[in-house]
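The values are calculated or read from the model by the stated rules, or taken from the named source; none is laboratory data. Treat the numbers as computed from the prediction; the structure is a model and nothing was measured. Virtual Cβ from ideal backbone geometry, glycine too; neighbours counted across all protein chains shown.
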């Protein structure tokens with residue numbers, strides 16, 4: 001369907017048997033006719049004017065609220081979260097003369113910042129609908145609010161006609177990749193929230209406009225995901241993220257046959273994709289897109305790294321001030337729209353992703369992207385989750401990437417050795433920070449602000465260490481009465497220094513240890529803390545156990561190797 005062929009009005013539901021299930025809720029099917037009847041009943045009880053903020057977590061109630069708003073010709077606002085500060089901003093926007101907003105909720109206790117509250121509940125006595133309402137193609141159906149770099153929600157309006165074309169193209173592609181004539185009868189189980197563009201498009205709208213049906217829950221934990229899949233009839237599909245998918249497979253739970261696995265784009269290795277297809281017997285497809293353009297392309301990960309643009313879309317490269325950018329246009333993308341990623345184009349409809357334009361990093365004259373580094377980090381056996389961080393501070397003019405990992409069974413050396421097999425030496429991290437979890441959103445993303453805050457906080461704790469009884473030096477150092485050798489204590493000092501670039505920069509390329517004094521022996525199972533502070537032109541250090549020092553000393557700038565030659 002081309003942009004010029006869009007009718008003036010388009011149906012709320014694609015052509016389908018209205019008596020067949022549109023959704024499953026609590027193990028009970030809900031027909032399309034019943035859904036429409038309940039949406040019409042809800043529409044009659046909405047405020048006469050205003051914009052609904054759809055905060056419903058139950059996917060069926062979210063869809064009911066969305067449909068009722070469309071019937072009432074009200075644009076649904078979809079915020080990135082329901083935090084009090086977000087609600088306060090939206091409430092303040094209404095007070096400043098913008099369109100007044102009210103909150104659609106399925107939890108009567110949810111704090112909505114003083115906004116008018118509409119509790120969404122299905123009208124059990126509503127008559128089933130015999131016809132499908134139309135929606136004007138140019139009607140602004142939803143306004144996606146994404147958190148920009150400032151933290152303030154940034155609006156992205158989506159017209160109904162463009163959404164319909166987007167979902168029709170997605171449904172056709174997914175059916176073709178699954179070897180099916182259509183998505184009719186396919187039940188979608190989603191781990192992603194419907195307020196996010198990916199969750200909206202690939203769960204709720206893929207059912208309303210693509211012919212599938214959906215499960216109302218949003219399972220998060222592996223056992224819940226497995227239970228939700230088992231609770232709906234085949235054929236079934238899982239709409240998820242690489243993070244959720246990896247966690248699910250690591251749990252090694254029995255999974256029912258799943259015809260389609262749909263994943264958002266993120267570090268998704270071919271090994272993980274193959275493991276997912278083997279565990280479920282289905283086809284894993286990645287979706288590439290952005291809030292501005294919607295869905296742009298797909299690929300079957302196990303078949304190669306090339307992306308195929310959705311029908312009607314064309315991608316091209318153009319020169320811009322300071323470099324290059326890639327744009328997409330056609331089909332549901334009604335205006336040329338820049339993409340945030342760097343691509344390698346095979347032709348106007350096929351490309352490879354090289355990483356986001358704003359995540360390119362330079363180390364020692366070499367260039368790479370954080371997406372590339374994260375890909376190789378997450379493919380390491382035993383790394384449950386991981387991401388690279390590039391500190392803003394620079395030491396000796398060179399910033400070194402730091403790797404954060406959730407890898408309980410892998411040591412720093414294991415991670416570094418594995419990365420050396422795939423990365424240039426400049427990008428192999430000198431520091432690996434083990435954490436219990438990364439601050440991912442419900443869609444598996446690391447937002448810039450949260451990730452920066454998390455990384456800085458974690459690095460600020462980098463001076464804390466636990467010397468376990470299985471430390472390798474204990475085996476040969478005073479057997480029977482193990483004591484941590486002084487060189488091991490000094491290695492902790494240097495590790496802490498590497499995590500403090502502003503202090504590291506004081507010491508030149510070859511720091512020198514002066515005036516070190518070992519005060520007290522360190523035995524197995526001891527918690528230590530390394531403190532650093534500027535001292536003259538050098539850096540003083542103290543290794544502490546509790547409030548007492550076990551070693552003290554001074555680091556100064558040493559002569560560079562070429563000066564000693």
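Results, tabulated for the structure shown:
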quantity: Residue identified as within 15 Å of residue 498 (Cβ to Cβ) and either modelled with pLDDT under 90 or not in a loop (DSSP other than H, G, I, E, B) (or both) among 387, 403; calculated: 403
quantity: Condition check for residue 487: touching a strand residue (DSSP E or B) at 6+ places or on another chain (Cβ under 7 Å) and modelled with pLDDT of 85 or more; calculated: no
quantity: Only listed residue being closer than 21 Å to residue 212 by Cβ and surrounded by fewer than 24 Cβ atoms within 10 Å (Cβ to Cβ), chosen from 59, 34; calculated: 34
quantity: Restricting the stretch 326-349 to residues that are in contact with a helix residue (DSSP H, G or I) (Cβ under 9 Å, 6 or more places away or on another chain) and assigned to a loop (DSSP other than H, G, I, E, B), the residue that is surrounded by the fewest Cβ atoms within 10 Å (Cβ to Cβ); calculated: 340
quantity: Some residue of the stretch 273-283 being surrounded by 18 or more Cβ atoms within 10 Å (Cβ to Cβ), assigned to a loop (DSSP other than H, G, I, E, B) and assigned by TED's automatic domain parsing to the domain that holds residue 193; calculated: yes
quantity: Enumeration of residues in the stretch 200-241 that are free of Cβ contacts under 8 Å to residues at least 40 places away in the same chain, over 15 Å from residue 257 (Cβ atoms) and surrounded by 21 or more Cβ atoms within 10 Å (Cβ to Cβ); calculated: 206, 219
quantity: Yes/no for residue 289 being surrounded by 22 or more Cβ atoms within 10 Å (Cβ to Cβ) and either over 30 Å from residue 146 (Cα atoms) or within 22 Å of the chain's Cα centre (by Cα) (or both); calculated: yes
